Amino acid sequence: MIPFADFTYFGLLAIYIVVPTLLIRSARGFSRVWIVAATLFMLVVQYGDILGTEAVADGIALKKPLWDIPTIALLAGYALFQTIVALSLLSIRGRTNHRAAFYAAIVLALLPLAVVKFLPHWQPHTAFGFLGISYVTFRCIDVIIGIHDNLIKSLSPFQYLAYLFFFPTISSGPIDRY
């Protein structure tokens, strides 16, 4: 489903606005669980389609990608990769040359975005990636910079992924601080 493209999407969003508004005051801790559940559900709704479906970019019909991988699987692999990069930087902070590790983490965090942006130049008419990859990559870099600046001292993978893929902002932004 394409975000913000039809009434069904807005109907699903309305459910996730009305239910918390009615229940959030009565159930303590409900908001965090609801945000994660809603985010997971909306990620499946938004990215549950196969990446190779007919798409048009800049007036050119895109063919099936080199790899026929469901978008949700790409998203999960991307999330795992970025989590490993951030946790690795956090774990080696203070033990080794932190500056070199910081630059390596920035390059690694940008690598999936570079592949997605440059792949069409190498393989024309090929789509690979997911909606919002640039936005999520910049959020990953924000966390890496926060780790480097000692603003982030610990990182829960669960909370980190909730920050990266919070559904109301995944397709439109804005980028905010971790």
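The values are calculated or read from the model by the stated rules, or taken from the named source; none is laboratory data. A quick note: this is a predicted structure, and the numbers were derived from the prediction, not measured. FYI the Cβ positions are ideal-geometry reconstructions off the backbone, even for glycines, and counts take in every protein chain you see. These area figures cover heavy atoms from the full protein model, side chains too; ligands, DNA and RNA do not enter into them. Shrake-Rupley method; radii C 1.70, N 1.55, O 1.52, S 1.80 Å.
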The correct count of residues that are touching a residue at least 40 places away in the same chain (Cβ under 8 Å) and touching a Phe, Trp or Tyr at 6+ places or on another chain (Cβ under 8 Å) in the range 88-115 is 1
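What about VAL19, is it of a type in the set (Val, Ile, Thr), open to solvent by less than 90 Å² (accessible area, probe 1.4 Å) and at pLDDT 75 or above? So that I can check it myself, show each step before the final result.
On the way: of a type in the set (Val, Ile, Thr): yes; open to solvent by less than 90 Å² (accessible area, probe 1.4 Å): yes; at pLDDT 75 or above: no.
No, not satisfied.
I'm trying to understand the selection: among the residues of the range 130-152, which are of a type outside the set (A, V, I, L, M) and either in a helix (DSSP H, G or I) or touching a residue at least 60 places away in the same chain (Cβ under 8 Å) (or both)?
PHE130, SER134, TYR135, THR137, PHE138, ARG139, CYS140, ASP142, GLY146, HIS148, listed by residue number.
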For ALA5, the lone unmet condition from (1) under 29 Å from ILE145 (Cα atoms); (2) at pLDDT 70 or above; (3) in a loop (DSSP other than H, G, I, E, B) is (1)
Within the range 125-178, residues among the basic types (Lys, Arg), at pLDDT 70 or above and farther than 22 Å from LEU74 by Cβ come out as LYS153
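Which residue, of LEU89, LEU110, is within 24 Å of LEU75 (Cα to Cα), out of contact with any strand residue (DSSP E or B) (no Cβ under 8 Å at 6 or more places or on another chain) and open to solvent by less than 50 Å² (accessible area, probe 1.4 Å)? Outline the logic, then answer.
Numbers: LEU110 fails: open to solvent by less than 50 Å² (accessible area, probe 1.4 Å).
After applying the criteria, what remains is LEU89.
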